[in-house]
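A short worksheet on the structure shown next.
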Amino acid sequence: MKFNVLAIDGPSGSGKSTVAKMVACKLNFNYLDTGATYRAFGYMVLVKFSETKIKSSIKKIMGTDDVDQIITTEVANELLNKFNLLYENQKVVINGLDITELIRSDEVSEISSKVATINEVREFLVGWQQNWVVEHGSSVVEGRDIGTVVFPKAPLKIFLTADDEVRSLRRSHQISQRLDTIKENLTLRDIRDSKRINSPLKAANDAIVIDSTFKSIDEVVEEILSLWKNLNL
Ligand code: DC
């Protein structure tokens, strides 16, 4: 099947999800939120470790950035073998359980950014994401490494940014937490996502960087649609 990919990468709170969904709707494309796939695996790790005698490991995972000391290659592969992920119409289901809402908790935000540093997990999920698009057809794909790793040949790559204050404020409309806590968590996640060795968050060389700090969602969407139209695909 011939398909096109419009890649949208950027840090949390840059407006990626809202923009990506609107662009997908306007182009009549599918929409894939790759962050949800890392969140789904993070959720599975939380459940798996909470229900067994290794309960104390969860505390250790939350308290360290060296998760590979706890989630070793062996453990990661064992969990990935049992990881049956479905993503349809923005619903996330693992092993028959709808976890769409559950993966939005702070705990899952934190663990997903940690498990995203594990090579085996990235390899598995990148393959899963590529297959999803092959099966579904033309898509707007949103994440951190779409333009650099998952679809490096995408004809349009957008890197969406916004300054820290604005990103924290946007997050504060989605979750009920103090603004300074939100900002602190966001910064920690940004650092982890950008500094990891495997596929860090960064703009592809041929990406178009859009700073949404002083732009409305509609303006950003229009800008992307016009860039896409100009490709004359
Ligand atoms: O986009 P999000 O906040 O839902 O993503 C959750 C975490 O998943 C994020 O902190 C980093 C990771 N992630 C990633 O490493 N690569 C992607 N393509 C998408 C998300």
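Coordinate-derived values only; no laboratory data. Everything numeric in this text was worked out from a predicted model, so none of it was measured. Note: ideal-geometry Cβ built from the backbone for every residue, glycine included; neighbour counts use all protein chains shown.
Given springs between every Cα pair under 10 Å in a Gaussian network model of the chain, which of 30, 185, 205 has the largest fluctuation?
In the Gaussian network model the winner is 205.
Scan around residue 208 for amide H atoms under 5 Å from its own, H built in the peptide plane at 1.01 Å from N, and keep only partners 5 or more places away or cross-chain.
The list, which skips near neighbours in sequence, is 157, 158, 159.
Where q = 0.08, 0.09, 0.10, 0.13 Å⁻¹, what log10 of I(q)/I(0) comes from the Debye formula for the chain, counting one point per Cα?
Values returned for q = 0.08, 0.09, 0.10, 0.13 Å⁻¹ are -0.29, -0.36, -0.45, -0.77.
With +1 assigned to the C-beta of every Lys and Arg and -1 to the C-beta of every Asp and Glu, and no other charges, what is the dipole magnitude of the chain about the Cα centre in debye, to the nearest 20?
180 debye
Say R0 is 41 Å: what FRET efficiency, to the nearest 0.05, do residue 232 and residue 176 get from their beta-carbon distance?
After rounding to 0.05, the efficiency reads 0.35.
Stretch residue 100-residue 2 to full length: gain in nm at 0.36 nm per residue minus the Cα-Cα span?
Gain on extension, residue 100 to residue 2, equals 32.3 nm.
For every helix of n ≥ 4 consecutive DSSP H residues, a contribution of -39,500 (n - 2.57) applies; sum these over the chain, divide by its total residues, and give [θ] at 222 nm rounded to the nearest 500 deg cm²/dmol.
-15500 deg cm²/dmol, from helical runs alone.
May I ask you to list the aspartates and glutamates whose Cα is less than 12 Å away from that of residue 91, ignoring any residue fewer than eight positions away on the same chain?
Correct list for residue 91: 33, 101.
Just the ratio, please: alpha-carbon radius of gyration of the range 143-197 over 2.2 N^0.38 Å, N its number of residues.
This ratio for the range 143-197 stands at 1.37.
Return the tail of the calculated pair distribution for the range 130-233, meaning the percent of Cα-Cα pairs more than 23 Å apart.
Result for the distance tail: 38 percent.
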